[in-house]
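The values are calculated or read from the model by the stated rules, or taken from the named source; none is laboratory data. Remember, it's a predicted structure, so these values are computed and weren't measured experimentally. Every residue, glycine as well, gets a Cβ built from its backbone with ideal geometry; the counts of neighbours run over all protein chains shown. Note: accessible area is taken over every heavy atom of the protein model, side chains too, but ligands, DNA and RNA are not part of it. Shrake-Rupley method; radii C 1.70, N 1.55, O 1.52, S 1.80 Å.
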Amino acid sequence: VQLVESGGGLVQAGGSLRLSCSASGRTFRTPTAAWFRQAAGKGREIVANMRWSGGSTYYADSVKGRFTISRDNAKDTVYLQMNSLKPEDTAAYYCAAGSPSWSLLTTARAYEFWGQGTQVTVSS
């Protein structure tokens with residue numbers, strides 16, 4: 001499975017960006033898709049995840065109400081709509097896919113496939 005992100009960039013605080021993650025290959029092997037982020041000097045943290053087939057989603061407390069994860073199954077693409085961006089959202093954002101167990105849905109090491117990352121910078 002190959003993942004390719006796009007949509008990052010520089011935006012002012014309060015602005016919006018939409019990240020896209022296009023998947024190719026045996027995506028049926030990856031029932032769960034997720035977005036993680038990693039700020040400079042920090043560890044990789046979960047932003048949001050969802051099942052490709054629909055159903056429940058998860059959001060980190062820091063992005064609830066501002067970010068929305070969605071998917072287009074026909075295009076094998078997952079999106080992350082980011083609104084009301086804050087300087088603390090500045091990070092490299094990574095798309096991930098895999099089959100983590102329920103207890104590991106927010107754990108980066110539980111995901112098998114990763115994109116190359118896209119940088120999001122929010123200026124104050």
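Quick rundown of the values:
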{"quantity": "Largest-first ordering by accessible area, 1.4 Å probe, given options 67, 113", "calculated": "113, 67"}
{"quantity": "Residue 112 long-range amide H proximity, modeled H, under 5 Å", "calculated": "97, 98, 99"}
{"quantity": "Karplus-derived 3J(HN,Hα), 6.51/-1.76/1.60, for each residue of region 104-117, Hz, glycine and proline x", "calculated": "10, 4, 9, 9, 4, 5, 7, 9, 7, 10, 9, x, 7, x"}
{"quantity": "Estimated inter-spin distance, residue 62 and residue 102, nm [label 7 Å along Cα→Cβ]", "calculated": "2.7"}
{"quantity": "Vicinal HN-Hα couplings computed from phi for region 60-73 (Karplus, 6.51 cos²θ - 1.76 cosθ + 1.60; Hz; Gly/Pro x)", "calculated": "5, 4, 5, 10, 4, x, 10, 10, 9, 9, 8, 9, 10, 5"}
{"quantity": "Quotient of Cα Rg and 2.2 N^0.38 Å for region 63-124, N being how many residues it contains", "calculated": "1.25"}
{"quantity": "Portion, in percent, of the accessible area of the chain that falls on carbon or sulfur, probe 1.4 Å", "calculated": "48"}
